[in-house]
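Report on one structure; see the data block that follows.
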Amino acid sequence: MAHPMIAPSILSADFARLADEAQAVAGADWLHVDVMDAHFVPNLTLGLPVVESLLKATEIPLDCHLMIENPGRWAPPYAEAGAHNVTFHAEATDDPVSVARDIRAAGAKAGLSVKPGTPIEPYLEILKEFDTLLVMSVEPGFGGQSFIADVLDKARAVRRLVDSGELRLLVEIDGGINADTIEAAADAGVDCFVAGSAVYGAADPAEAVRKLRAQAGKASHHLTLAP
Ligand SMILES: O=C(CO)[C@@H](O)[C@H](O)COP(=O)(O)O
Ligand SMILES: [Fe+2]
């Protein structure tokens, strides 16, 4: 059986040394890249040129989390550049299905992300258009915030649909994941765990990835799909 997936978030890394910071988590499943535009969220990080450079600097598949307005215009270029996953926010567009189709047509996996306060029910019908559901467990915008456990109900609801064969996608969680919270998320049926401060704040980031993965593996649910 495949192992739980860990995606270190480079938001907590040293932006002047991104190639080294990617190397520091060489055993990670995905490298999570938070793209923020200072409009959809009140913070500004990086964009396509940095992602293009990172693609040349690491073999780890890039998991691009776009916290941006107008993903219909800006998401497909990340897929064309070679990102493995391109995830955008449900709250940022009236037409998530066409954005997902454009991302897939450009050769990447499509992900839908929901903020902590956004219910999942209105989106269940369209999740068949996606490869990943990214459940935010903090308000998007900043690393180092506290885990909001209420969002695990969304992970559980989608996990049930995956286990029953009605849906085929990975459930990913993002925000406040660390040694104290990862087991609850794994028990809720999460496949992939984003961790920023818990990985890059550790003395040995690669060891932190291994420890988090082992902890998640103790939970009752396991990955049911290939990444
Ligand atoms: O998307 C975001 C924040 O908006 C995340 O990816 C954070 O970067 C996760 O950081 P930690 O909560 O793990 O420190
Ligand atoms: Fe993120």
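The values are calculated or read from the model by the stated rules, or taken from the named source; none is laboratory data. Predicted model, so just to flag it, every value in this text is computed and none were measured. Cβ sites come from the backbone with ideal geometry, for glycine too, and all protein chains shown count toward neighbours. Calculation scope for accessible area: heavy atoms of the full protein, side chains included, ligands and nucleic acids excluded. Shrake-Rupley method; radii C 1.70, N 1.55, O 1.52, S 1.80 Å.
The table below lists the values:
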item: Flag for residue 77 being open to solvent by less than 50 Å² (accessible area, probe 1.4 Å) and in a loop (DSSP other than H, G, I, E, B); result: no
item: Sole exception among (1) within 25 Å of residue 105 (Cβ to Cβ); (2) under 18 Å from the mean Cα position of the chain (by Cα); (3) surrounded by fewer than 16 Cβ atoms within 10 Å (Cβ to Cβ) for residue 37, by number; result: (3)
item: Unmet requirement for residue 186, which otherwise passes all of (1) open to solvent by less than 10 Å² (accessible area, probe 1.4 Å); (2) touching a strand residue (DSSP E or B) at 6+ places or on another chain (Cβ under 7 Å); (3) touching a residue at least 60 places away in the same chain (Cβ under 8 Å); result: (2)
item: Residue check for residue 158: away from ligand 1 (no atom under 15 Å from the Cβ) and open to solvent by less than 60 Å² (accessible area, probe 1.4 Å); result: yes
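Every residue, every condition in (1) within 13 Å of ligand 2 (Cβ to nearest atom); (2) of a type outside the set (Lys, Arg); (3) in contact with a strand residue (DSSP E or B) (Cβ under 8 Å, 6 or more places away or on another chain); (4) assigned to a strand (DSSP E or B), yes or no:
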site	(1), (2), (3), (4)
119	no, yes, no, no
124	no, yes, no, no
128	no, no, no, no
135	yes, yes, yes, yes
145	yes, yes, no, no
150	no, yes, no, no
153	no, yes, no, no
